[in-house]
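Structure, as C-alpha cells:
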Amino acid sequence: MGAAHEGITISDLGQDDNPIVYANDGFARLTGYGVDEALGRNCRFLQGPDTDPAAVERLRNAVRQGEACTVDILNYRKDGSPFWNRLAITPVRGADGELTHFVGIQSDITARKNAEEKLARANRRMSQSLEAAAAIQRSLLPESMPQVPEVEFAWAFDPCDELAGDSLDVFRIDDEHIAMYVLDVVGHGVPAALLSVTLAQILSFSRRQSSLSGKGSFADRRLVASPKAAAERLNQLFPMNEESRQYFTLFYGVLHLPSRQLRYVAAGHPAPVLLPADASCRNLPVGGFPIGLARQPQYEERTVDLGPGDRLYLYTDGLIEAADEHGDEFGAKQLGEEIQRNRDLPLAASVEAIEATAKGWAEGQLHDDLSIMALEIARLGQGPGSPRPAPAGVDEDR
C-alpha cells in the first residue's frame, strides 16, 4: 500500500468518529497533507464549500450499513485548490465477522471531469445551435396556404432528427397560377438541412422574388412558372460534387386555376397519388434524374387535368419507407389504401390520418423525414372539402 500511486487510507470504526489510522505517501501527494496531519482525523476534513452533500450522504450511509461504496466527490487540497476524487471505500471485518475498519482508495480524476464538463458545454452549445437551426427551418414552412376558392391545400411535416432534409411550400405566382413543391435532400443532419434551407429560399416565390434566374429581375415569372425550366436551372445551380455527394429529389408543379391543369416535373421523386372524385386512386407518371445527379439530364414536363373534387397527394419517400420492427416498409400500396380509406374525411384530416398511420406503422421510430402535401379541387358550386363518393377500391395496376 505504501508504494501505491493512489491515495490509500484506513479508518478505525472502533474509535470515536472513525479516524484515519493509516495513510500512504500517495494520499499525501494527492491532498498536500502530510501523513502525520491526516492521522487521527475523520476524512471529512477534505470536504469544502462545493462538495456535494448527496455524495457525502452516500458515503455516510455506506459506513453505517457496512457496505462498499464508490463516489466521485469534490475535495480540497491543503492549499485550498479543489480536485475531483474518485473515492472507493471497502469494509474490513474481523474473524468473527464484526466490522472493524474501512479501507479508502482515492484517485484524482480532475482531468477526466474537466474534459467531461467541456464536452457537456460543447454538447449544450451544439444542442442550442441545432434548436435555433430547426426553428429557422420550421419558419420556412408554409405559415398559411393560399386562400383561393378553386382549391384547398394541406400538409404534414415530420423530421426524423432535429434538422430535416425535406422541404415543401405552396405559393401564388400570379392571379391564375399557384406553384407547389416537395423536395427531399439525400442524407440527414446539418449538410442536408443547409441545402434544404437554401433551396426553400430559392424556390419560394412567396418569401421573396425567386432567385432561380440567377441574375437580374424576374418580374415576368417565366422561369418559376415553368416546372421543366425550374428543374433544369436547379440542376445547374446545384451539381453534385465529390466532397458533399449531395443531390435531391423534387416534385415541382404549377396549377392553372381557370383550367385546373397541373404541369409538373418529378425529378427522381416518388409518384404523386391522384384520387379522382368518382374513381379509385392511381399514381401519376414520373421519371427523370434527381437534381444534381447528372450533368445534363432531360426533364420531361407532364400535365394532368384535375376535375372538381379530385385530390392529389405529394410526399417524400420517408412516408412509404417507414418501417416496422421487422423492417417491413409502409409501402406505396398501403399508402394508396389509406388514401382511399380516408377519402370521406376533410382534406387536412385525411393528411393527418395518413401521417398518423405511417408513424404508427413505424411505432414512432422514423428513420427518414416524412412529408406530405395534398390539394383538393373544389366541386362545382361548392368549396373544397365537400362530401365525397364512397371508396371504389384500389386499382390493380398500382
Computed [θ] at 222 nm, deg cm²/dmol, the chain (DSSP H ≥ 4; -39,500 (n - 2.57); rounded to nearest 500): -8500 deg cm²/dmol
Contour minus Cα-Cα distance for Thr70 and Glu352 (0.36 nm per residue): 96.4 nm
Derived scalar couplings ³J(HN,Hα) [the range 17-22; Karplus, 6.51 cos²θ - 1.76 cosθ + 1.60; whole Hz; x for Gly, Pro]: 6, 6, x, 6, 10, 8
Estimated Rh, the range 224-357: Kirkwood, alpha-carbon pairs, angstrom: 16.3 Å
Placed amide H near Val151: partners under 5 Å, 5+ positions off or other chain: Ala378
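Once you mark the GluC sites (Glu not before Pro) that are in a DSSP loop and have at most 10 other Cβ atoms within 10 Å, what is the longest gap between them in the chain?
Longest site-free region, per DSSP loop and neighbour criteria: 144-241.
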Cα gyration tensor shape for the range 142-377, rounded if a/c is under 1.5, else prolate or oblate: oblate
Fewest-first sequence of Asp305, Asp158, Asp72, Asp79 by Cβ atoms within 10 Å of each Cβ: Asp79, Asp305, Asp72, Asp158
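Please tell me the relative contact order of the chain in percent, rounded to the nearest whole number, where contacts are Cα pairs under 8 Å and at least six residues apart. Could the numbers behind the result be given before it?
Values: 815 pairs, mean separation 52.1, N = 398.
So the answer I get is 13 percent.
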Convex hull (Cα only) mean projected area of the range 7-108, reported in nm² to one decimal: 6.0 nm²
Burial ordering of Lys78, Lys113, fewest other beta-carbon atoms within 10 Å first: Lys78, Lys113
Correct option for Cα Rg over 2.2 N^0.38 Å [calculated from the coordinates] among (i) 0.96; (ii) 1.06; (iii) 1.57: (iii)
In the range 246-337, the trypsin sites (Lys or Arg not before Pro) that fall in loop regions by DSSP, at most 13 other Cβ within 10 Å: Arg295
Exposure proxy ranking, count of Cβ atoms within 10 Å, fewest first, for Met145, Met180, Met1: Met1, Met145, Met180
At 1.002 mPa s and 20 °C, Stokes D of the range 1-55 from Kirkwood alpha-carbon radius, µm² per second: 181 µm²/s
0 to 90° range, to nearest 10: angle between helix 110-139 axis and the chain longest Cα axis: 20 degrees
In sequence order, calculated HN-Hα J values of the range 85-94 (Karplus, 6.51, -1.76, 1.60; Hz; x Gly/Pro): 10, 8, 9, 10, 10, 10, x, 10, 10, x
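Just so you know, all these numbers are worked out from the coordinates, no wet-lab data involved. Model, not experiment: these values are computed from the prediction. Positions of Cβ are backbone-derived with ideal geometry, glycine not excepted, and every protein chain shown enters the neighbour counts.
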